[in-house]
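Enquirer: Could you have a look at this structure, given as structure tokens, before my questions?
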Amino acid sequence: MIGFKEALTKQPVPCFIEKASDVEQLIYTEDCKNNLSVYLHKPEVRQAKKIGILANISTLRALVQLISENQFWDIELTVLTVNDLGEVLLFDTLEAVEAYVQANFPNYTEEEIKLLGYLESLSREERWKYWTDQFANCIKCYACRAVCPMCYCPQCTVECNQPQWIKLSAQTTGNLEWHTMRAMHLAGRCINCGECGRICPVGIPVHLLTVRMNQDLFKEFGTRSGYALKGDYALNNFKPDDKEGFIK
Amino acid sequence: MQSMSDFEPKIVAFVCNWCTYAGADLAGTSRTQYAPSVRIVRFPCTGRIDFMLLMKAFENGADGIIVSGCHPNDCHYTSGNFHARRRWIVFRSLLDFIGFDTDRITFSWVSAAEGKKWATLVNEVTEHIQAKGPFTDLDKLDFIQLKEQYDEAITK
Amino acid sequence: MEITTITSENIPTFFNNLVKSGKVVVAPVLKQSGKVFFEPVQSYDQVSTDYIQTAFSAKSVVFPKVEELFSYVRKEGDFTITSHLTEVPETIIWGLRPCDSSAFNYLTDFFLKENPDAYYKTRKERTTLIAVSCAKADAACFCTSVGLNPGSTTGCDILLTVMGDIYYAEISTEKGKAILDPTLFIDSPEKSKDEYLAKVETKFSMDQIKERIENAYESTEWKHESMGCFGCGACAFSCPTCTCFDIQDEGNTESGKRLRCWDACGLGQFTKHASGHNPRPNQTARRRQRLMHKFKYSVENLGIISCVGCGRCIRVCPAHLNIFENILNVTKA
């Protein structure tokens with residue numbers, strides 16, 4: 001059972017319950033923001049085969065997306081959530097999870113909308129300055145990748161060193177490459193939990209890149225991530241009459 | 001600092017083998033004169049073009065990029081160019097969001113019979129990039145020494 | 001140890017004079033994200049004083065996140081190799097916490113004891129450390145458990161303690177004496193700092209840990225304690241004593257450079273061999289390595305424990321993993 005407990009520092013931390021007697025430790029508050037679905041990729045967790053997960057709305061959306069990507073073929077998942085009224089809901093089927101997500105589909109947060117609005121108001125050069133200043137601080141810790149439930153590749157592109165596709169050193173140009181590549185690999189798959197931006201140790205709003213990608217994809221192709229179990233990934237499909245205005 | 005008329009832009013062209021490359025070949029065999037600024041990189045299909053290659057071309061000294069392939073419905077591999085089109089729409093939007101100058105990248109459909117179109121395209125792009133000047137956005141981005149950080153802090 | 005005081009009013013003057021002296025002054029700055037980082041500053045107005053701990057340590061002054069070891073360029077068939085080491089500027093780090101300055105002792109031992117590292121040596125020689133003792137602490141701080149305290153003078157050149165409207169300065173080295181301004185600092189008798197220091201509760205007894213950690217490697221608790229870890233490098237990079245690095249060559253046959261960059265033992269590929277074998281194949285093994293290194297292996301190798309109790313790893317961890325909680329659980333009797 002993956003849920004939250006209270007740490008010695010009083011924050012909610014992810015916890016892993018293996019014995020029924022430990023269930024007393026579980027808590028659920030507004031601060032339980034971690035996207036626990038990321039742990040479902042961990043071999044130590046998957047070994048259990050029967051896994052329960054206490055999910056907030058972003059995690060539920062992540063589960064729908066991961067199921068649409070066929071990621072849970074070998075485990076039996078039991079999903080619980082706590083709704084706005086504080087009631088604990090147990091989902092009988094995955095279709096029930098899908099229905100709940102569609103009924104409670106989360107909007108972009110005020111902060112995201114505000115920051116995106118600010119960035120869109122800047123000129124191209126100002127935006128470049130903003131992002132290169134941000135990426136100058138990046139230390140390539142890969143916490144954004146580690147915490148993302150959609151980043152589950154056993155070998156990440158960064159780890160390819162024949163040739164070294166993305167520079168390992170934490171210099172601005174290499175950092176730019178890394179974040180651009182990551183945003184593209186997640187475009188249309190990111191479920192907007194905002195964890196990557198929240199946990200970045202140097203405070204870069206990394207989540208904005210994929211939030212913007214999702215907005216664009218919805219505008220251009222009408223697709224949404226984490227919405228349906230069947231899934232509709234924009235970059236896997238095409239329409240012969242896709243519109244664009246920039247190809248000569 | 002080179003004057004605008006001296007500046008010879010380096011244009012890297014990512015093209016598909018069956019259409020645009022053949023079109024460029026036709027321009028050559030027809031002895032069409034066009035700007036010598038382009039360096040052509042041949043791919044089996046535009047669908048194979050990894051978006052990171054565009055960024056890496058700029059990092060390695062390109063001033064402008066052309067990405068060109070078969071017209072929709074004419075792809076040698078049926079649907080490669082359709083996937084590429086979607087990818088370009090998304091990537092272009094991302095680049096614009098991070099402030100990258102997407103004006104330096106030109107996308108086009110050039111078929112094997114369009115030798116003239118290829119020559120015109122290269123000429124137009126060369127002129128366009130010449131007017132814009134060399135690509136310097138990625139220069140001086142990488143700080144290595146504390147002194148440079150400090151100097152930068154003083155000039156802010 | 002020389003003891004002097006300076007009025008709080010004069011601190012900005014002292015600080016700004018240090019900047020004017022031509023040295024690079026690195027101090028804690030509050031960024032837009034709400035986090036405090038060490039950065040080069042121009043004047044005292046930029047310095048943040050109302051925080052408990054910076055997000056990242058100041059080790060990047062002596063051990064930068066990316067360091068160019070040398071660069072090469074081919075000209076007329078021959079190669080020229082250049083090193084920029086001589087350009088390292090004289091630097092003053094202001095606002096370290098006592099735990100951080102103690103960490104510099106570990107860094108010096110690590111880089112200079114057995115095979116002296118020229119890059120670290122040059123940078124450290126040109127760096128002066130001014131620490132400010134802690135008036136506040138939070139739940140993640142545990143310096144008192146590892147033999148330190150919020151007013152410790154270990155490792156720094158000058159330690160400042162805020163006592164009402166004066167700053168009490170303890171100068172431990174010649175370097176510290178050299179930057180003092182005799183017109184602003186007045187000699188003072190020794191005073192007790194206790195009432196001005198934060199109270200940090202001990203979380204464990206170091207002696208007990210030292211004894212029990214001998215057998216901790218085989219503990220079955222490691223798996224549970226490291227379940228939350230997803231293998232990013234945040235803890236290692238924010239840690240003032242983590243020194244692991246990777247050497248990367250960037251360039252081609254015409255020109256290029258060799259870089260030393262930060263690396264983290266928590267990252268999955270850290271111990272992967274060219275053969276494909278990975279002796280630490282799962283996160284449990286990697287997390288165990290990190291903790292054992294901090295509390296046991298560094299004691300065996302260099303004689304000092306490499307954890308200084310600053311708590312940064314706890315604050316920065318996306319899964320809120322807690323190093324002292326983990327250590328307590330794996331060394332339970």
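Throughout, read-outs are computed from the coordinates displayed, never taken from laboratory work. This one's a predicted model, so the numbers in the text were calculated from it and none came from an experiment. Glycine also receives a Cβ, built like all others from the backbone with ideal geometry; neighbour counts cover every protein chain displayed.
Enquirer: Counting only other chains, and only Cβ atoms inside 10 Å, what mean value do you get across the residues of A:193-204?
Expert: Details: counts 0, 0, 1, 1, 1, 1, 7, 5, 16, 10, 7, 1.
Other-chain Cβ atoms within 10 Å of each residue's Cβ, averaged: 4.
Enquirer: Moving on to the next point. Counting DSSP beta bridges in the stretch A:2-103, what percent are antiparallel, to the nearest 5?
Expert: On the way: 10 of 17 bridges.
Beta bridges within the stretch A:2-103, antiparallel portion: roughly 60 percent.
Enquirer: Another question, if that's okay. Just to confirm the filter: which trypsin sites (Lys or Arg not before Pro) across the stretch C:256-333 are DSSP coil and have at most 10 other Cβ within 10 angstrom of their Cβ? Each step should come with its number before you reach the end.
Expert: Details: sites: C:Lys257, C:Arg258, C:Arg260, C:Lys272, C:Arg286, C:Arg287, C:Arg288, C:Arg290, C:Lys294, C:Lys296, C:Arg312, C:Arg315, C:Lys332; in loops: C:Lys272, C:Lys332.
Loop-located and lightly packed - C:Lys332.
Enquirer: For the peptides B:92-98, B:57-63, A:180-186, B:127-133, what is the packing order when you average, over each peptide's residues, the other Cβ atoms within 10 Å and list the highest mean first? Could you put the intermediate results ahead of the total?
Expert: Details: B:92-98: 19.7, B:57-63: 17.6, A:180-186: 21.4, B:127-133: 15.9.
Result, highest mean Cβ count within 10 Å first: A:180-186, B:92-98, B:57-63, B:127-133.
Enquirer: Shifting gears a bit: Which entries in B:Lys132/C:Lys75; C:Lys31/C:Lys193; A:Lys114/C:Lys35; B:Lys10/C:Lys257; A:Lys19/C:Lys332; A:Lys5/C:Lys203 show an alpha-carbon gap greater than 26 Å? Before the final figure, lay out each step's value.
Expert: Numbers: B:Lys132/C:Lys75 31 Å; C:Lys31/C:Lys193 30 Å; A:Lys114/C:Lys35 20 Å; B:Lys10/C:Lys257 24 Å; A:Lys19/C:Lys332 19 Å; A:Lys5/C:Lys203 20 Å.
Distance filter (> 26 Å) returns B:Lys132/C:Lys75; C:Lys31/C:Lys193.
Enquirer: Loop only per DSSP, at most 14 neighbouring Cβ atoms within 10 Å: give me the GluC sites (Glu not before Pro) in the stretch A:174-248, ordered by residue number.
Expert: Numbers: sites: A:Glu177, A:Glu195, A:Glu220, A:Glu244; in loops: A:Glu244.
Passing both the DSSP loop test and the Cβ count: A:Glu244.
Enquirer: Using just the Cα positions, wrap the stretch C:2-330 in a convex hull and report its mean projected area in square nanometres, one decimal place.
Expert: The directionally averaged projection comes out at 19.6 nm².
Enquirer: Here's a follow-up. Please go through the residue pairs C:Lys177/C:Lys210; C:Lys59/C:Lys199; A:Lys10/C:Lys177 and name each one whose alpha carbons sit more than 32 Å apart in this structure.
Expert: Numbers: C:Lys177/C:Lys210 37 Å; C:Lys59/C:Lys199 26 Å; A:Lys10/C:Lys177 43 Å.
Violating the 32 Å limit, Cα to Cα: C:Lys177/C:Lys210; A:Lys10/C:Lys177.
Enquirer: In the Gaussian network model of chain C, springs joining C-alpha atoms below 10 Å, which of C:Asn252, C:Asn149, C:Asn278 carries the largest mean-square fluctuation?
Expert: C:Asn252
Enquirer: Could I ask something else about it? For the stretch A:2-103, report the translational diffusion coefficient in µm²/s to the nearest whole number, using Stokes-Einstein at 4 °C, 1.567 mPa s, and a Kirkwood Rh over Cα pairs. Don't skip to the end; give the middle numbers.
Expert: Numbers: Rh = 14.1 Å.
In µm²/s, the coefficient is 92.
Enquirer: Right, here's the next one. Relative contact order, percent, of the stretch A:2-103 when contacts are C-alpha pairs under 8 Å separated by at least 6 residues?
Expert: For the stretch A:2-103, the relative contact order is 21 percent.
Enquirer: Determine the percent antiparallel among the DSSP beta bridges restricted to chain A, to the nearest 5.
Expert: Numbers: 11 of 18 bridges.
About 60 percent, rounded to the nearest 5.
Enquirer: For A:8-15, what's the mean count of beta carbons from other chains sitting within 10 Å of each residue's beta carbon? List each step's numbers first, then the result.
Expert: Numbers: counts 9, 11, 1, 6, 1, 7, 8, 4.
That works out to 6 on average.
Enquirer: Can you run the Rg to Rh ratio on the stretch A:116-212? Use alpha carbon positions and the Kirkwood inverse-distance Rh.
Expert: Working: Rg = 13.3 Å, Rh = 13.9 Å.
Rg divided by Rh gives 0.95.
Enquirer: Can I ask one more? Based on other C-beta atoms within 10 Å, arrange B:Tyr34, C:Tyr168 from fewest to most. Display every interim value, and only then the final one.
Expert: Details: B:Tyr34 19, C:Tyr168 22.
Going from sparsest to densest Cβ surroundings: B:Tyr34, C:Tyr168.
Enquirer: Which value, in Å to one decimal place, does the Kirkwood hydrodynamic radius take for the stretch B:1-53 when every pair of different Cα atoms is included? Intermediate values should be presented prior to the final figure.
Expert: Numbers: mean 1/r = 0.0784 Å⁻¹.
Radius from the Kirkwood sum: 12.8 Å.
Enquirer: So what is the relative contact order for chain C, in percent, with contacts set as C-alpha pairs under 8 Å and at least six apart? Numbers along the way, then the final one.
Expert: Values: 609 pairs, mean separation 72.4, N = 333.
Rounded, it is 22 percent for chain C.
Enquirer: Let me ask another. What are the extents of the Cα atoms of the stretch C:12-163 along their three principal axes, in Å, largest first?
Expert: Answer, in whole Å and largest first: 63, 36, 29 Å.
Enquirer: Here's something else I'd like to know. Determine which lysines satisfy two conditions relative to A:Lys140: a Cα distance under 16 Å, and not lying fewer than 8 residues away in the same chain.
Expert: A:Lys140 reaches A:Lys167, C:Lys65.
Enquirer: Output needed: percent of Cα pairs per 5 Å distance bin for the stretch B:1-138, bins running from 0 to the one holding the longest distance.
Expert: Calculated P(r), rounded to whole percents: 2, 11, 21, 22, 20, 15, 7, 2, 0, 0.
Enquirer: A further question follows. Looking only at other chains, what is the average number of their beta-carbon atoms within 10 angstrom of each beta-carbon in A:41-52? Could you put the intermediate results ahead of the total?
Expert: Numbers: counts 1, 7, 4, 8, 1, 0, 0, 0, 0, 0, 0, 0.
Mean shielding count: 2.
Enquirer: Shifting gears a bit: Can you give the translational diffusion coefficient of the protein assembly as shown in µm²/s, computed by Stokes-Einstein from the Kirkwood radius over Cα pairs at 20 °C and 1.002 mPa s? Write out the running numbers ahead of the final one.
Expert: Values: Rh = 28.5 Å.
Stokes-Einstein gives a translational diffusion coefficient of 75 µm²/s.
Enquirer: Still on this structure: Using a cut-off of 12 Å between beta-carbons, work out the net charge of the residues near C:Cys242 (Lys and Arg +1, Asp and Glu -1, C:Cys242 not included).
Expert: Local net charge: +4.
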